[in-house]
1. For the chain, take the longest principal axis of its alpha carbons; what is the angle in degrees between that and the long axis of helix 158-167, to the nearest 10 within 0 to 90?
2. PRE reach from LEU62 (point 7 Å along Cα→Cβ): which of the range 237-254 fall under 13 Å by backbone N?
3. Quick one: 3J(HN,Hα) in Hz for the range 213-220, Karplus 6.51/-1.76/1.60 with θ = phi - 60°, rounded, Gly and Pro as x.
4. What pairs in LYS16/LYS64; LYS205/LYS229; LYS64/LYS243 have C-alpha atoms more than 26 Å from each other?
5. Would you compute, for the Cα atoms of the range 51-136, the largest minus smallest coordinate along each principal axis and list the three values in descending order, in whole Å?
6. Helix 330-342 against the longest principal axis of the chain: what's the angle in degrees, Cα atoms only, rounded to the nearest 10?
7. Checking the cross-link filter: which aspartates and glutamates have an alpha carbon closer than 18 Å to that of LYS250, excluding same-chain neighbours under 8 positions apart?
8. Against the globular-protein guess of 2.2 N^0.38 Å, express the Cα radius of gyration of the range 7-155 as a ratio, rounded to two decimals.
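Derivation of every value follows stated rules applied to the coordinates shown; laboratory data play no part. Small disclaimer: the values here were computed from a predicted structure and weren't measured. Heads up, the Cβs are rebuilt from the backbone with ideal geometry, glycines too, and the neighbour counts pull from every protein chain shown.
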Amino acid sequence: MKPLHELVRPNIWKLKPYSSARDEFQGNASVYLDANESPYNEPFNRYPDPLQNALKQKISELKKVRPESIFLGNGSDEPIDLIIRTFCEPGTDNIVSISPSYGMYEVAADVNNVEFRKVPLNNRFGLDVPNLIEAADAHTKVIFLCSPNNPTGNKLKRSRLYEVLNSFEGIVVIDEAYIDFSNETSFTGELDRFPNLIVLQTLSKAWGAAGIRLGMAFASPEIVALLNKIKYPYNINLLTQQKALEILNKSDRMQKQLQIILEERERLYFALEMLPCVLQVYPTDANFFLAEVQDADKLYNELIKHGIIIRNRSTVPLCANCVRISVGTPAENNALLDALKKITL
C-alpha cells in the first residue's frame, strides 16, 4: 500500500472538520444549553451521538472489530460516496470495478466526476485478476469488489481477493452486503493484515432492516478517521441508532430467520430448475438467485399480473434473459412457484 497521505485528496488531508456541540462535550450533564436545541420533547429534542458510540460498541462485540475501526453510514451508499470523495480527485483519478456488479459504485463515481472503469467477469462470473490489475494505472485510487456479488449471487474466490489486496497499492473495498448468507469468512478479520482494505456490510439484508438505513464500513482507524472527518455531523439519526441497537440485541432471532431463508433458498433452487421456462439457475451465496429464462421481459410482465415482482436483469452485461429472484417466506416462495407453473412463454 502507498502511504495514506499519497492516496487521500490533498484538500481532504488538510481539511479541518466541522466541530459540533456533541463533539466538543462528550459525557453526562444535567443541563444542556450548548447546541441551540429546544428544551422540550425529550429525547428527540437532542442531537444524536455524532459518532454512534453505543451502537459501535455493540457492533464491535458482534463483529469482533475494534470500535475505532467502525464507520456507520446512511446505508452502504454513504460510505461508498465518502470513500470516493476521500480518495479520488474529480476529473483526475479513477476507480476500477467488476461488471456486472452493484450499480451504486458507478453512480457515486459519476456524481463525483470520477472515471469508472469496468472489468468484465469471466463466463462463470469469476474474478479476472490480471485484467483487473491491468485496468488500473497511477491514477486508480480505489477498487470496488462485491462478494457475494450482486446480481450474480456468487462469492468471489478468496485467493483472488488476496491477490488483489497484495498487488494493488491503493484502496480495496470488499462489499459484503450478503456475507451472512454465505459460508465464507468475512474479510473483517484481515483488517490488521491489509491496511488498504475497507469492508462494507449492512443491516439491510440478513438483519431485515433495510428501512432504517444503517450501513457499516470496517477499516483501519486512520481510514475511519478520514471518513468521520468529511461526513455530515449527525448522519445517523436517533431513531435509527435506537432501532439498530434493538435489532442487534436480538441476534438469536436473526439467526433463526436466516436459517429459514437458507432452507428456502435450497428448496427454491431445485424447484426453479424443474420449471420449463427456466433454462439455468446460477449457484448463489446470497439470498437471491440469478436465473436465465426463455423470455425475461415476458416472464417479468406475466408475474406482475399475479401480483409478484422480481427483478429483470436482461440489460446487465453477461445477464441476457436473466431475472433476479429474492428468497421470500415459504408462503411467498410457494406463490411464486405456483405462478411460474401457470406461465407459458
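1. Orientation of helix 158-167: about 40 degrees from the principal axis.
2. 241-254
3. 6, 10, x, 10, 10, 10, 7, 4
4. The answer is LYS16/LYS64; LYS205/LYS229.
5. Reported extents, whole Å, longest axis first: 42, 33, 19.
6. 40 degrees
7. Cα-Cα hits under 18 Å: GLU61, ASP180.
8. Values: Rg = 20.1 Å, N = 149, 2.2 N^0.38 = 14.7 Å.
Rounded to two decimals, the normalised Rg is 1.36.
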